[in-house]
């Protein structure tokens, strides 16, 4: 590898470390915080961040760095947003209108669920991840709706990554999680009751691609007293089936 090539790879690694310093609770960072969270030397972090600002990857309106608008423009070109999100969004909107509570669209990303879209309306739920955030697949209805149709190796990988207890109700036994997964195809939806947040429950159903493979899941999430599975489940299943047909036509 030539020196120029090594420098390019190093530059990408440094940029990745800078991006990795940001998350849902650290949307704006001072230089000191950026150095601490990226693990880069101060001079390297400052130099790399300045170059990223010139590229539009970062923004610095005052004394804090934040992700730049250019990344939003680029991310809109990704298939997960351009095709999947655009196909499913009308059905998420219909589901939100019908249930009057939070609806979400998620995809499996390693052992986590990446939240692609979220509609909250007038009943905000700040404890939930924003679009672009991640939640564990093993204890979320979105994750279970997807994992129920995944190959065994994928399921084993998720379970082997660990099942930490998030609330007293979290299922941490692999056999108990597997029982939840095996029930999904028969009933058409997955459930999660207060396993991620006390007082919050969720019902989700899978979205399939044109070849019949699971590509995502959509869900209804809200206060447990309002999430009645017998009423929400069929609505989520129908919305997911319609979204699957729309996504298949867009491919």
Filter pass, residue 31 being under 30 Å from residue 224 (Cα atoms) and either modelled with pLDDT of 85 or more or surrounded by 12 or more Cβ atoms within 10 Å (Cβ to Cβ) (or both)
no
Exactly one of 242, 190, 176 is modelled with pLDDT of 95 or more and within 20 Å of the chain's Cα centre (by Cα), and that one is 190
For the list (1) touching a residue at least 60 places away in the same chain (Cβ under 8 Å); (2) surrounded by fewer than 24 Cβ atoms within 10 Å (Cβ to Cβ), I need the number of the one condition that residue 220 fails.
(2)
If we ask which residues in region 26-54 are under 14 Å from residue 64 (Cβ atoms) and either under 24 Å from the mean Cα position of the chain (by Cα) or touching a residue at least 40 places away in the same chain (Cβ under 8 Å) (or both), their number turns out to be 6
If you check residue 195 against the conditions, is it closer than 24 Å to residue 109 by Cβ and under 18 Å from the mean Cα position of the chain (by Cα)?
yes
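Restricting to region 141-156, and then to whatever is assigned to a helix (DSSP H, G or I) and over 18 Å from the mean Cα position of the chain (by Cα), can you tell me which residue is surrounded by the most Cβ atoms within 10 Å (Cβ to Cβ)? Outline the logic, then answer.
First, the residues of region 141-156 that are assigned to a helix (DSSP H, G or I): 141-147, 152-156.
Retained after the next criterion (residues that are over 18 Å from the mean Cα position of the chain (by Cα)): 152-153, 156.
Details: 152: 7, 153: 8, 156: 12.
Within region 141-156, the match that is surrounded by the most Cβ atoms within 10 Å (Cβ to Cβ) is 156.
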Does region 204-244 hold any residues that are out of contact with any strand residue (DSSP E or B) (no Cβ under 9 Å at 6 or more places or on another chain) and in a helix (DSSP H, G or I), and which are they?
230, 231, 234, 242
Report the residue count in region 225-251 for those that are free of Cβ contacts under 8 Å to residues at least 60 places away in the same chain and buried (at least 20 other Cβ atoms within 10 Å of the Cβ).
2
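The values are calculated or read from the model by the stated rules, or taken from the named source; none is laboratory data. Being a predicted model, the structure only gives us computed values, none of them experimental. Every residue, glycine as well, gets a Cβ built from its backbone with ideal geometry; the counts of neighbours run over all protein chains shown.
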